[in-house]
Amino acid sequence: MNIKLNKPLIFLDIEATGLSIGSDRIVEISLLKLNTDGSTETKTTRINPQIPIPAIVSKIHGIYDKDVAEAPTFKQLAPTLLKFIGNADFAGYNSNKYDIPLLAEEFLRAELDFDLEGRKLVDVQNIFHFMEPRNLSAAYKFYCGKTLENAHSAEYDTIATYEVFKAQLEKYKETELEDEKGNKYIPVVNDISKLSELSAKTKNVDLAGRIIYNEKGEEVFSFGKHKDKKVTDVFSKEPSYYTWMMQGDFPLYTKKIITKIRLKMK
């Protein structure tokens, strides 16, 4: 099935030193760029994270300190990666929660302004879990009838994710579900905008989900003592809360978002 696109769509997979968006670093990245004419380009590279890779993590993805000792740093690669990405939308497996936030964090750490505004984010895992309440290996077997070899290799995982996504579009193109009001609808359609909405489990404002939209479309906190309170109300009544967040261990993208909200207040 041909995927309908208005602009390029990049499938990505990242291997890193761990799972913390704020403190861990990328050690390998693979980007598969699907162009509007159906052609694809792949860019895969290892990266020197400039911090040790924990042994327990290396056992999972097979990348050790010695493997990336001579690799370029993310800051060195960042301009080339940003040019390759261009204005593309993103797709991946668990990418909304992990890969994209970590990538954004690395770009900001490299002092490059990487903004997701205007980009659609399709999370293949969320579509999978929505339609077939399971990991990439299981999805590959279920949708493609193949066994995923070399799991946790960024390029193999990226290509498998691309194949799973195409198979999902074909399998569910006429599958109807029923909403709470009894209305029937087809959730999986060949439309990146609608699949992006389906992929979003929560309406995050920032990538980490510290700030979300409430039912009225207002930016509210999703954590802590001010949970469910409007960000603008909290910053107006307690300006020190903004300072505390900016000085705290929050992802750089979250800090970028709250700064943008604060500037709009002025």
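The values are calculated or read from the model by the stated rules, or taken from the named source; none is laboratory data. As the structure is a computational prediction, the values presented were derived from the model and not from experiment. Counting neighbours? That spans all protein chains shown, and the Cβs are built from the backbone with ideal geometry, glycine included.
Computed quantities for the displayed model
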{"item": "Lone unmet requirement of (1) of a type outside the set (A, V, I, L, M, F, W, C); (2) within 19 Å of the chain's Cα centre (by Cα); (3) not in a loop (DSSP other than H, G, I, E, B); (4) not assigned by TED's automatic domain parsing to the domain that holds residue 92 for residue 206", "result": "(3)"}
{"item": "Pair list, Cβ < 6 Å and 6+ apart or interchain, from region 181-198 residues that are in a loop (DSSP other than H, G, I, E, B) to residues that are at pLDDT 95 or above and buried (at least 16 other Cβ atoms within 10 Å of the Cβ)", "result": "188/172; 190/169"}
{"item": "Near pairs, Cβ below 7 angstrom, 6+ apart or cross-chain, from region 127-155 (within 26 Å of residue 178 (Cα to Cα)) to any residue that is of a type in the set (D, E, K, R) and not in a loop (DSSP other than H, G, I, E, B)", "result": "143/171"}
{"item": "Test: residue in region 8-16 that is of a type in the set (Asp, Glu) and touching a His at 6+ places or on another chain (Cβ under 7 Å)", "result": "yes"}
{"item": "Selection count where residues are closer than 29 Å to residue 165 by Cβ and either of a type in the set (Phe, Trp, Tyr) or in the same structural domain as residue 128 (by TED's automatic domain parsing) (or both), scope region 213-235", "result": "1"}
{"item": "Test: residue in region 79-86 that is of a type outside the set (D, E, K, R), out of contact with any Ser or Thr (no Cβ under 6 Å at 6 or more places or on another chain) and not in a helix (DSSP H, G or I)", "result": "yes"}
{"item": "From 67, 24, residue being of a type in the set (Asp, Glu) and either buried (at least 21 other Cβ atoms within 10 Å of the Cβ) or closer than 28 Å to residue 250 by Cβ (or both)", "result": "24"}
{"item": "Scope region 144-180; condition among the hydroxyl-bearing types (Ser, Thr, Tyr), in a loop (DSSP other than H, G, I, E, B) and surrounded by 15 or more Cβ atoms within 10 Å (Cβ to Cβ); matching residues", "result": "153, 172"}
